[in-house]
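Written below as structure tokens is the structure these notes are about.
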Amino acid sequence: MSLSLILPVVLLGLLLVYGVAIYNRLVALKNRYQNAFAQIEVQLKRRHDLIPNLVETAKAYMSHERETLQAVTEARNAAEVGLQHAAARPGEPGPMAELAGAEGALGAALGRLNVVMEAYPDLKASENMRQLSETLTTTENRVAFARQAYNDAVMQYNTYRQSFPPVLLAGSFGHKREAALLEFDDSAEIQTAPRVTF
């Protein structure tokens, strides 16, 4: 073989290896943000599972506050649906926005419930309510950490996908769009740990 034939073959081989490396890195980064979303999903499911217990405990003390309790239940159910849609397509803008909106509404409903519960000293003194509140606060913190890890993974994926030369190949490798961050409506409030007092 002549040098004029070997050089193009070697160059083509190097380009092929580099293309495979770009593809593998895109897949690894996508898997990382999808796994990070799975961690959010676990924590949000835990949060959603705690809320019926919280409502049932409060019901015994707050029989004439049905509207508030109903609003919490409806917001929880909407958040569950939003989570299912986002879990089916993590990183896609529509489902992520739906989840963020539903979680924001749930947080607002829980905030209203906390305000109403202030008027019920027996409820605040209940050991069961204190344990539920502590578990909910811990879960809120876990959600915040999982969301941060997810958003960090999405940022790494998007940054790599947009950099040169991966930007030239990403679309042809099936990575046509950026992954969406999970940003809740009350981002400023989420930066501080939730305070639940009873």
* To do: Working only within region 117-146, note down all residues that are among the hydrophobic types (A, V, I, L, M, F, W, C) and surrounded by 16 or more Cβ atoms within 10 Å (Cβ to Cβ).
  => Met117, Leu123, Met129, Leu132, Leu136, Val143, Ala144, Ala146
* Asked: Which one is farthest from Asn151 (Cα to Cα) among residues in region 87-141 that are of a type in the set (Lys, Arg) and assigned to a helix (DSSP H, G or I)?
  -> Lys124
* Asked: Name the residues in region 157-172 that are surrounded by fewer than 16 Cβ atoms within 10 Å (Cβ to Cβ), in contact (Cβ under 8 Å) with a residue 24 or more places away in the chain and part of a helix (DSSP H, G or I), would you?
  -> Leu169
* How many residues does region 59-78 hold that are assigned to a helix (DSSP H, G or I) and at pLDDT below 85? -> 4
* Residue, farthest from Leu169 (Cα to Cα), within region 4-41, restricted to residues that are surrounded by 13 or more Cβ atoms within 10 Å (Cβ to Cβ) and among the β-branched types (Val, Ile, Thr) -> Ile40
* Here is a list of conditions, (1) farther than 30 Å from Tyr18 by Cα; (2) modelled with pLDDT under 90, and Gly101 meets all of them except one; can you say which number that is? -> (2)
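The values are calculated or read from the model by the stated rules, or taken from the named source; none is laboratory data. Small disclaimer: the values here were computed from a predicted structure and weren't measured. Cβ atoms come from the backbone with ideal geometry, glycine included; neighbour counts cover every protein chain shown.
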